[in-house]
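As structure tokens, the structure follows; a few thoughts come after it.
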Amino acid sequence: WGFLPAVNDAKWSLKGNTLGYINVPGSWNNIWKLPGLEAAGRGPAWKGLDLKALSRAWYVRDVKIPASWQGRRVVLTLDRVSTDSTVYCNDVECGVVNWPYGNVDVTKAVKFGKINHLRLLVVATESAKATVNAMGVGAGQLTKSKAKLEGKGLIGDVILESMPRTPVVTDVFVKTSTRKNEMEVDVELE
């Protein structure tokens, strides 16, 4: 994927910059021994860049959407994002995926049978200042350590697929009670 550090206001602009290239899945801070940045770009966004301190970046990819997908839903699925991503297709904001995974329907912005420009603004933020370690030696021993976001970026597969326009189950929540001998099921349809 094309890669550009999102600096200052994080608005999309290549002005004075060139894209670098990053492996997906991968992590821009190269922790977990995942593949990372393959090639850096040039320009002001790259000058003095510390990838471990970087908290926002753009991922860019051009994809041809088959004309045969016309009349179907087109969905972009992020199998694992660290930690949040806003998805754009052909400069149209289509939705957000929050940690750890999710999907966005990009149909409204797709040009069928043509090259489509996908852009994802990935924000990597830590959720807490400290984490509690309950694995101490003694009973009830709790220690705290500084929170550390280990993987940053698109750390799982990214999948673009077509689906029928029929209603789709998007979420299922099962609530059980052994005391009451009951089970409730909430289903969301889209």
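Numbers for the structure displayed
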{"read-out": "Some residue of segment 88-103 being aromatic (Phe, Trp, Tyr), surrounded by 15 or more Cβ atoms within 10 Å (Cβ to Cβ) and touching a helix residue (DSSP H, G or I) at 6+ places or on another chain (Cβ under 9 Å)", "value": "yes"}
{"read-out": "Tally, over segment 17-61, of residues that are on the phi < 0 side of the Ramachandran plot, more than 19 Å from the chain's Cα centre (by Cα), open to solvent by less than 60 Å² (accessible area, probe 1.4 Å) and of a type outside the set (Val, Ile, Thr)", "value": "6"}
{"read-out": "Lone unmet requirement of (1) free of Cβ contacts under 8 Å to residues at least 60 places away in the same chain; (2) of a type in the set (D, E, K, R); (3) within 16 Å of Gly156 (Cα to Cα) for Lys52", "value": "(3)"}
{"read-out": "Looking only at segment 1-16, and only at residues there that are part of a loop (DSSP other than H, G, I, E, B) and touching a Phe, Trp or Tyr at 6+ places or on another chain (Cβ under 7 Å), the one that is least open to solvent (accessible area, probe 1.4 Å)", "value": "Ala6"}
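The values are calculated or read from the model by the stated rules, or taken from the named source; none is laboratory data. Predicted model only: the values in this text are computed from it and were never measured. A quick note on method: Cβ atoms are made from the backbone with ideal geometry, for glycine too, and the neighbour counts reach across all protein chains shown. Protein only, heavy atoms only, side chains kept; ligands, DNA and RNA dropped before computing areas. Shrake-Rupley method; radii C 1.70, N 1.55, O 1.52, S 1.80 Å.
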